[in-house]
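Okay, structure first, notes after.
Every number here is computed from the coordinates shown, using simple stated rules; none is lab data. The shown structure was predicted, so the numbers you read here are calculated from the model rather than taken from an experiment. For neighbour counting, all protein chains shown are included, and Cβ atoms are generated from backbone atoms with ideal geometry for every residue, glycine included.
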């Protein structure tokens, strides 16, 4: 397993380099710069600002400077939030998103997997239709609608939960549920399909004929095998959830990092765009590595490769 | 209250953002301050002398003014601040506010390497002298805006970029920065040492709720005591327009439609005038529905030189005749010109109305081009389309901030319209000390701009819409869109001794 971790870290380096370079090029290709505004600044002032951030240098030199800084773990400075570095901004915002994202992910797994498994086992019954109807709705209804609906019902109508803000644990309930809605539905559908497929397998029939109880077969033999595709999607899903959702953070006024994926691009805040993208890439690589490790636990055949 | 977004910075030299100024205006004060009607009032300076025909100002500071760490505010703090503002190393966007001060421009563009050559000196602890390159009538207005507030050089040197964090910052205003949870909340607390007495509110909480409807729900749920445009959708404005909690007032922020006068057919002033006369400005408030004020002159109401008839009247018949004279009797020969606008809902409504009005009143079809904000800005700067939408907000309450925009030298004049007479009228008005003569000069320039030459069509004045809970009050607003909590109060039943 250590070999796997080591291998993954080695391959991650070129991947990150490519991501960093691509982002570097892309942000500069888009028209408009960080200092464009309704009021154009005098050219003297633009020159001073560009000099301050080294944007007056040739692009090749900026690229080298950028890579040098990256190697030191310095993601650069924000042009918009002038007194803060990208490291500062992400250090403030990521823990919030991470907390909310993990909560959302846990909710999605705890609700989605049993829901899907139940639907598969009770295939064709009212229970199956109900759970599949709910999950189709969960996938198709956009987050902002679900968020607004939850705020209306629990915040305004029943007055049991806060409408928005990020103060007490109670404030986390509605955003976490909103965040978990889509992934729950997705996981439920995936689990159902996968369990159905596994149920057809010969060895399941064998287990049954040998006298194993229905429940034991499902949990020990079917679920364990059926979970492989579910675990596969959990990697990217986790990376997406812990880096925050723009919509959820926006409607509940949560100080997470999801908003930067959108606002940093709108502001042409180059280093912040690159910082958020890189952090996302790192998390994606990390969660995929966790997925590979989980595979080995679920299915010993996958251990061969090491 | 709700700030809407994170203030990009609380360094009053580094920021240009109104969100930042909403905070800074409550934790800092300068030489002068604005009264309710934007008249200049003494603040840290108890008096001043205007000498040498308006090119030298001597400010006399009060002797009971202190920084939050207990040190007195001195003229040297102003000297440090103004030098830092023009120093190219600071990279301050508002450095141009001091371009009229002796050597201001030259220091900022690097021609003079030593910021201490700036014509702004502390003569002693209580006396601050400013020498201007030429007399500037609006100079005092600049001493009431945040970029010219004093700074503590020692604090900035000690903490570097982190000097604006609550544990480091040293300020002199009615409130102190108590806590700053980035992207979420700023808390201010009353400054017991403030020279005119501590404010009544012991605490102000400024949240950063980006989503309008969420912020408005918080207001309806009594979690916010005060909200403004940032928290207020148009449908909510209509729903609450009759409520005693609602208030609306115009801002010094003008929207306009402009021509690129170097592109046919707008090289001909008659075509531009025809367009200007074919658009009924009273339509804009009806479609935008935030009680905007139709704008018929470029200088808005409340400023020196304002005259509602500076622009041409709405007269489709006369507009049609002008277009005939310009050679477009056969309207199908009129080229399909492009009108560029950014992807904002209000801009979209306005340009669609302009398109429809031109079709109905002149028989002319134009095309609308929508671009993402920064792409729109880049395009307008590099190669403006024949028609484009623009807006301008005042930095300080003086016609200069609007009229200078269309001079030949102004980098924000994207119309490419250059007129020597206009330039000279505006430049003479800027230096004119006699208020009556100054108003007359601006009126002439405004008439030349809007009626005769028409490189732009003034459209409307934006408004601020606010809601204040019945138990709160005393918040001062001004047309520059700055909000002061100095005299604000919160009374029972929600008496928490603080305001959200």
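Side notes on the structure shown:
- Among A:32, A:256, A:211, the largest mean-square fluctuation in a Gaussian network model of chain A (Cα springs under 10 Å) belongs to A:211.
- Taking chain B and dividing mean pair separation by its residue count, relative contact order in percent (alpha carbons under 8 Å, at least six apart): 19
- Normalised by the number of residues in chain A, the average gap of Cα pairs under 8 Å and 6 or more apart makes the relative contact order 27 percent.
- Peptide B:179-186, shielding by other chains (average Cβ, 10 Å cutoff): 5
- Max-minus-min Cα coordinates of the stretch B:320-445 on each principal axis give 51, 38, 24 Å, with the largest extent listed first.
- Extension reserve of the residue B:267-residue B:234 stretch, reckoned as 0.36 nm per residue once the Cα distance is removed: 8.1 nm
- Across q = 0.09 Å⁻¹, the protein assembly as shown modelled as identical point scatterers on its alpha-carbon atoms has Debye log10 I(q)/I(0) values of -0.99, in the order of the q list.
- Estimated FRET transfer efficiency (residue B:289, residue A:203; beta-carbon r; R0 51 Å; 0.05): 0.15
- Within 10 Å of each Cβ in A:77-88, the average number of Cβ atoms from other chains: 5
- Within a Gaussian network of chain A (alpha carbon springs, distance under 10 Å), most fluctuating of A:235, A:116, A:33: A:33
- Helical content of the protein assembly as shown, expressed as a calculated mean residue ellipticity at 222 nm, amounts to -13500 deg cm²/dmol (DSSP H runs of 4 or more residues, -39,500 (n - 2.57) each, divided by residue number, nearest 500).
- From the alpha carbon centroid of the stretch A:39-102 to that of the stretch B:116-172 is 27 Å.
- Helix B:345-362 vs. chain B, principal-axis angle (Cα, 0 to 90°, nearest 10): 20
- Ranked by the mean number of other Cβ atoms within 10 Å per residue, highest first, peptides B:232-244, B:138-150 order as B:138-150, B:232-244.
- Chain B: angle of helix B:435-447 to the longest principal axis, Cα-based, in degrees nearest 10: 40
- In this simple spin-label approximation, residue A:152 and residue B:318 carry label points 7 Å from Cα along the Cα→Cβ vector, and these lie 5.1 nm apart.
- Estimated FRET transfer efficiency when R0 is 25 angstrom, pair residue A:25-residue A:68 (beta carbons, to 0.05): 0.90
- Shape call, chain B: gyration tensor on alpha carbons, a/c limit 1.5: oblate
- Global dimensions of the stretch B:115-256 from alpha-carbon coordinates: Rg and Dmax equal 20.3, 57 Å.
- Computed lengthening from residue B:125 to residue B:165, 0.36 nm per intervening residue step minus Cα-Cα distance: 11.6 nm
- Value of Rg/Rh across the stretch B:80-151 [Cα atoms, Kirkwood radius]: 0.93
- Peptide A:162-169 has a mean of 4 when you count, residue by residue, the C-beta atoms of other protein chains within 10 Å of its C-beta.
- For the stretch B:17-78: rounded, prolate or oblate by the Cα gyration tensor [a/c cutoff 1.5]: oblate
- Debye intensity ratio in log₁₀ form over the Cα atoms of chain A, taken at each q of 0.15 Å⁻¹: -1.21
- Nearest-ten-degree value, helix A:270-298 long axis tilted from longest Cα axis of chain A: 20
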